[in-house]
Amino acid sequence: MNKLLLVVERDIRLFFQYKFLIILRAIWFISQIVLFGLIASRMISTDAVQDYFRYYVAGLSVMTLYSAAIFIGFDIYEEAEHGVFEYLLSLPVSRRQLVLGRSIGGGLRSFIYVGPLIGVSLYVIGSINPLSFLVSLFALFLFSFGVSGMSITIAVMIKSSDRFDILMGILDALIVRLSTAMYPLAVVQTANPLYGGVARFNPVTYVADLFRWGTGIEAIITLDNPLMPLLGIIAFFAFFTFVGVIIYDRRIEGGGWQ
Amino acid sequence: MKAILHLLEHDFRNFFRYKWWLAGLISMNLADLFIMAIVYNRMISDEVTQQIRSYFNFFAPGLAVTGLFASAFMIGREINMERRREVHHYMLSLPMTRMELAIGRVLSGGLRGMVYMLPLLLTCFLFLGFPTIWQLLLILAVLFLLAVGISGLSIAIAVSTSSLEKFITARGLVYYTLFFCSSVFYPLSLIQQLGRDGKFPMMLVTMAEVNPLSNASDMIRYFLLGYPPFHFTSIINVLVFSAIFTFGATFAYMKIIERK
């Protein structure tokens, strides 16, 4: 347990060394609210979404959390490129502790990073419903760990930074666009039933809907029952954390990093 | 001149080696058009519908510009990787002047952007109709200038950042600022209206007006859809952007790449 915590601590310390990146990514977030959010909300009909600006800001928090959690995969490539991997493998820590620690560390650090940004979005959105918000915060935690686990799993499976970068781009394009991060499920369903079907079973949809439900503001809530998305997030987290441990364990040795 | 041609060949061979990249980039761009634009089409207000008629049609020219940006930016990623893996020592040892090396890299980034963008532009023509031959030549010329400018911008960032993460983060910041403060995703009139209402800083409104991405997208829209009005000053804006970043990147590449 102590060794696991050491791995988690190392990843969090590493993250805070990248002050430049943290500031730049915070500017990403603010620029998306100020530019896209503000302008696009002028374009959207109030019949489709009553208050698109607040709706988008809530979705943006989820998209930012997703992007931040993905970055642990890039760290793995940096380590492989600079030979840090061999050092990590030589430590008196089991492979399982290493990957579990990295998954938790990746999820925690993205959550720590997105925490203040969520604070900004809550300020923009308005008041919250405390109990529901705690549930949605828990879902955000699990989602963040799940995405980190997914990023680590894919990184060690393909072992090529170029392929990883582009695959993450495609996943980001599909997972985010086929979700309710930017538009309500009813509109996606009307636009194309196939898109609606995919969006219905998308972890980004689950967590975005739960986050909006957690704010308790009727103008942006499009979710009736929070139990199903919560179960979906738990399944996503469990799958990528535990499958990630097994795949990392098998693929971590033998080199072949590009 | 011959050295520049060799560099172009080198960079084009590299470009086509990244089949994954190209497939991925195309998927991302098409996802924007065939998912995001189709869904937004269902959400736009009546007022905006009167102006642009269909969001899908409005966004299609913006998609060609988005694809051009992403592919012209790829050269920066390669140069950043060369710097991290110290391949640039090999590039510096080649029998060509630093100026030829720098110009060749900027030019090849722009040309690769054009090659990648052509199928997206064709997709746009298929949905919106074809321009006249003179309009087509003007569109290609403006997009080429834009591609060279973007390539220069990406090289300037690539030689100034020491890690892949920093490069990717800086790329994201440039992307969000340039794209979201332009008419690629929404009509310029909407941004100007927000400025007039005092809800958007006039500095950002001006930035959106002179943004080369706005100018290029709106020029294609004018030729294919008949709106918004086209001014020749927009070509000058693209020319200025291209000149600044081509010379800036050439200078930065020559200076920074030789540093230890």
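Structural remarks
- Karplus-derived 3J(HN,Hα), 6.51/-1.76/1.60, for each residue of segment A:83-96, Hz, glycine and proline x: x, 6, 4, 4, 4, 4, 5, 7, 6, x, 10, 6, 4, 5
- Dipole magnitude for the protein assembly as shown: computed about the Cα centre from +1 point charges on Lys and Arg Cβ and -1 point charges on Asp and Glu Cβ, it is near 820 debye.
- Each Lys and Arg contributes +1 and each Asp and Glu -1, all at the Cβ; summed about the Cα centre of chain A, the dipole is approximately 240 debye.
- Counting, for every residue in B:40-50, the Cβ atoms of other protein chains within 10 Å of its Cβ and taking the mean gives 5.
- Extension gain for the segment A:Leu24 to A:Arg95, taken as residue separation times 0.36 nm less the Cα-Cα distance, is 22.3 nm to one decimal.
- Listed values for segment A:147-152 are Karplus-derived 3J(HN,Hα) couplings in whole Hz (6.51 cos²θ - 1.76 cosθ + 1.60, θ = phi - 60°), namely 5, 4, x, 5, 5, 5, and x replaces Gly and Pro.
- Between 0 and 90°, nearest 10: helix A:19-31 axis offset from chain A longest Cα axis: 20
- The angle separating the long axis of helix A:52-70 from the principal Cα axis of greatest extent in chain A is about 10 degrees.
- Between segment B:197-260 and segment B:42-107, the Cα center-to-center distance that results, in Å: 13
- Set of lysines near B:Lys255 by C-alpha distance (under 21 Å), chain-local residues within fewer than 8 positions excluded: B:Lys166
- Exposure proxy for A:Thr222, B:Thr66: other Cβ atoms within 10 Å of each Cβ, ordered fewest to most, give A:Thr222, B:Thr66.
- This model, with +1 at the C-beta of Lys and Arg and -1 at the C-beta of Asp and Glu, gives segment A:143-211 a dipole about its Cα centre of some 120 debye.
- Segment A:2-251, relative contact order [Cα under 8 Å, separation at least 6], %: 28
- Each of A:Leu24, A:Leu167, A:Val135 was scored by the projection of its Cα onto the charge dipole of chain A, and the greatest displacement toward the positive side belongs to A:Val135; charges sit on the C-beta of Lys, Arg, Asp and Glu.
- Exposure proxy ranking, count of Cβ atoms within 10 Å, fewest first, for B:Leu190, A:Leu140: B:Leu190, A:Leu140
- Using a Gaussian network model of chain B in which every pair of alpha carbons under 10 angstrom is joined by a spring, one finds that among B:Ala102, B:Ala216, B:Ala170 the greatest mean-square fluctuation is at B:Ala170.
- The peptide list A:9-16, B:151-158, put in order of mean Cβ contacts within 10 Å with the highest first, becomes B:151-158, A:9-16.
- Taking amide H as placed 1.01 Å from N in the peptide plane, B:Ile44 has its amide H under 5 Å from the amide H of A:Ser45, each at least 5 places away in sequence or on another chain.
- Per-residue mean of foreign Cβ neighbours for B:159-172 is 4 (Cβ atoms of other chains, 10 Å radius).
- The packing ranking, built from the mean of other Cβ atoms within 10 Å per residue, places the peptides B:103-113, B:49-59, B:228-238 in the order B:103-113, B:49-59, B:228-238, highest first.
- Computed per residue of chain A from DSSP H runs no shorter than four, each worth -39500 (n - 2.57), the mean residue ellipticity at 222 nm is -25500 deg cm²/dmol.
- Pair B:Lys2, A:Leu227: separation of 7 Å Cα→Cβ label points (nm): 7.8
- Secondary-structure-derived ellipticity at 222 nm for chain B, considering helices only, amounts to -26000 deg cm²/dmol, per-run term -39500 (n - 2.57) for DSSP H runs with n ≥ 4.
- Inter-part distance where segment A:159-178 and segment A:60-116 are each reduced to a Cα centre, Å: 17
- Choice from B:Glu82, B:Glu100, B:Glu165 showing the highest fluctuation, given a GNM over chain B with Cα pairs closer than 10 Å: B:Glu165
- Across peptide B:190-196, the mean count of Cβ atoms from other chains lying within 10 Å of each residue's own Cβ comes to 2.
- Backbone geometry of segment B:36-47 corresponds, through the Karplus equation with coefficients 6.51, -1.76 and 1.60 at θ = phi - 60°, to 3J(HN,Hα) couplings of 4, 5, 5, 5, 4, 3, 7, 10, 6, 6, 4, 4 Hz, x marking Gly and Pro.
The numbers here are math on the coordinates, done by the rules we state, and not lab data. What you see is a predicted model, and the numbers here were worked out from it, not measured in a lab. Glycine gets a Cβ as well: all are built from the backbone with ideal geometry, and neighbour counts include every protein chain shown.
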